[in-house]
Amino acid sequence: MGYGQQSPGGEHQQQGPWPPYAGQPPAPAGGAPWNAHPGPPPPPSGGGRRSSLIAVVAATAVVLAAGITGFLVLGGDGDDGKPDAGPTGADTVSPSASPGEPRGGAEDGTAPLVPGWKTVTNPKRGIAFDVPVDWAVKSSGWVTYVAENGDPEETPLVGFAAPAILKEKWCRSDDDGNGTQEDTPLASVGSRAEPDARDTAEAARENARLWVYGSYAQPAKEKVTTGAAKPFTTKSGLTGSVATATSTGVGGTGRCAYDGKATAFAFENPAGETLSWTFVGVRGVDDEVPGPTVRKILGTVRLVESTP
């Protein structure tokens, strides 16, 4: 398993098991969009689960359009799962403002809605949400994606931009024996656009399923259970669809092989564009991010002014 990341400054490091995460240098202004892979990555460091995190300059289009096409490769899934991270009807907050309008905090929506937390912003897509203070907020130029094992082109299955990461070096191992220690984060969260989604329900389900499959369950599609998409409203009055997915029984010899979970929320902005927010993290461990915390972060998702 491998996971790597590269900062906008160009420093690359191998980390783990979101699978050899391949870093790439910043793209030039006006670079390729998400579904046009920005050049050949370095050779993979092993045969584990594969994912990649790329740093690109803010001027680059950084919203992945490949996620929804990924399900054509992976096949179907069941609707009867009951993942433990899924929001319930009690999590829906009746809006007191126009849909997507920030409630509380600064007028531009960048002040945290949860006292003591900090705000994560994807300026390209006009999305903001809050995370606890112990999460590391990356710049808007950071992009994270997961790819199929053994894919030399590192074609993204799904991904998101402007992430926040919890415990980036939560687990460290050299599972492929190449002498390089790889770090596994405990959890990550980010946002993106969904230009190929037919509706918000499809976008939410495919994001959740593909993140769990790509990050934890490869190559066992049958170990991923995806719940049905349900209506959801955030604290700001932003409405859309939320879905969850989990993996069960993930095995392997790597010390950082764990089951995972994901919660995805898809919604439309005033221009009618479908956008999404996704949480993905390790499941079944002592310091797993609990469901109520995931739902609290989800509740803060809101629209803010976008920056071209």
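Overview of results
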{"item": "Cut-off 15 Å between beta-carbons: net charge of the residues surrounding ALA161, Lys and Arg +1, Asp and Glu -1", "result": "+2"}
{"item": "ARG283, ARG192, reordered so the largest accessible area comes first (probe 1.4 Å)", "result": "ARG283, ARG192"}
{"item": "Rel. contact order, % - alpha carbon contacts under 8 angstrom, at least six apart, segment 113-216", "result": "22 percent"}
{"item": "Carbon/sulfur fraction of accessible area - segment 165-234, other protein chains in place, 1.4 Å, %", "result": "46 percent"}
{"item": "Rounded if a/c under 1.5, otherwise prolate or oblate - segment 117-205, Cα gyration tensor axes", "result": "oblate"}
{"item": "When segment 203-299 is reduced to its Cα atoms, the Kirkwood hydrodynamic radius in Å", "result": "13.9 Å"}
{"item": "Surface accessible to a 1.4 Å probe, ARG255 within the full protein complex, Å²", "result": "150 Å²"}
{"item": "Assigned charges on the beta-carbon of Lys, Arg, Asp, Glu; segment 214-279 dipole about Cα centre (debye)", "result": "240 debye"}
{"item": "Low-density loop positions, GluC sites (Glu not before Pro), segment 126-160 - DSSP coil, at most 14 other Cβ in 10 Å", "result": "GLU153"}
{"item": "Global geometry of segment 107-147, whether rounded, prolate or oblate, following the gyration tensor of its Cα atoms and the 1.5 cut on a/c", "result": "oblate"}
{"item": "26 Å Cα-Cα reach of LYS118 towards lysines, excluding residues that sit fewer than 8 places from it in its own chain", "result": "LYS138, LYS167, LYS169, LYS235, LYS261, LYS296"}
{"item": "Which of ALA197, GLN181, TYR216, positive extreme of dipole for segment 179-235 (C-beta unit charges)", "result": "ALA197"}
{"item": "Estimated inter-spin distance, ARG255 and ARG172, nm [label 7 Å along Cα→Cβ]", "result": "1.0 nm"}
{"item": "Solvent-accessible area per residue, Å², over segment 112-156 with all protein chains present [probe radius 1.4 Å]", "result": "35 Å²"}
{"item": "Solvent-accessible surface ranking, highest first, for THR155, THR244 at 1.4 angstrom", "result": "THR155, THR244"}
{"item": "Coarse-grained scattering of segment 149-197 at q = 0.18, 0.27, 0.33 Å⁻¹, given as base-10 log I(q)/I(0) from a Debye sum over alpha-carbon atoms", "result": "-0.83, -1.04, -1.05"}
{"item": "Shape of segment 246-306, Cα gyration tensor, a/c cut at 1.5", "result": "prolate"}
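The values are calculated or read from the model by the stated rules, or taken from the named source; none is laboratory data. In this text, all values refer to a predicted model and were calculated from it rather than measured experimentally. So basically every Cβ, Gly included, is an ideal-geometry build from the backbone, and we count neighbours across all protein chains shown. We work out accessible area using only protein heavy atoms, side chains counted, and drop any ligands, DNA or RNA first. Shrake-Rupley method; radii C 1.70, N 1.55, O 1.52, S 1.80 Å.
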